[in-house]
Amino acid sequence: MLFRLDFYNKEEVENQADIYLEEEIENASEKDKKELRNKFSIVLEHLEEIDAQIESKSKGWTVNRIAKAELTVLRLAVFELLYADDVPDSVAINEAVELSKLYCTEKSKGFINGILASVVKGRGSTPAEDGSSKENNTADVKAGCTGE
């Protein structure tokens, strides 16, 4: 659902989420679909802040220049770091790096790891094992990018 954000206008995004949840996910319970829809809504609600965090940490890169797969992974992880208290920081970062190995270029994992570590550092905390300290702050980091 997150990957589709940049391919549809704002009005169509919710429609695309419905299509994805109802037609493209197999074997998901209604509870799981409800949770996915809820988290997706939170991402949409905070998308500007999430993208601002990504841009401020990827010095010299705008979200429009970052490859779509990398941007999707970053958006998911930044959401988890800032707004999902049930996901420990280290898990959010590790899962993002693992997703980058599957869907992005070889160099992407370092770029993604660097941005996410900077998001955590910018909050004034170290990656918490318990998922605590999810406050929002900013700091810059220099990182390379494999974007378009």
Criterion first (modelled with pLDDT under 95, out of contact with any strand residue (DSSP E or B) (no Cβ under 8 Å at 6 or more places or on another chain) and not charged (D, E, K, R)) does Asn27 satisfy it?
yes
Answer yes or no: is there a residue in the stretch 39-48 that is more than 26 Å from Ser90 (Cβ to Cβ) and hydroxyl-bearing (Ser, Thr, Tyr).
no
Kindly indicate which of Leu102, Leu81, Leu76 is at pLDDT 90 or above and within 24 Å of Asp18 (Cα to Cα).
Leu76
Using the structure shown, decide if Leu74 is among the aliphatic types (A, V, I, L, M), buried (at least 23 other Cβ atoms within 10 Å of the Cβ), touching a Leu at 6+ places or on another chain (Cβ under 7 Å) and without any contact (Cβ under 8 Å) to a residue 60 or more places away in the chain.
no
Which of the helices (runs of 4 or more DSSP H) found entirely inside the stretch 1-101 contain at least 1 residues meeting this: under 18 Å from Arg123 (Cβ atoms)?
30-45, 47-57, 68-83
Say we look at the stretch 11-57 and pick out the residues that are polar (S, T, N, Q) and surrounded by 13 or more Cβ atoms within 10 Å (Cβ to Cβ); which of these is farthest from Leu71 (Cα to Cα)?
Gln16
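The values are calculated or read from the model by the stated rules, or taken from the named source; none is laboratory data. Source: prediction; values computed, not measured. Cβ coordinates were reconstructed from backbone atoms using ideal geometry, including for glycine residues, and neighbour counts include every protein chain displayed.
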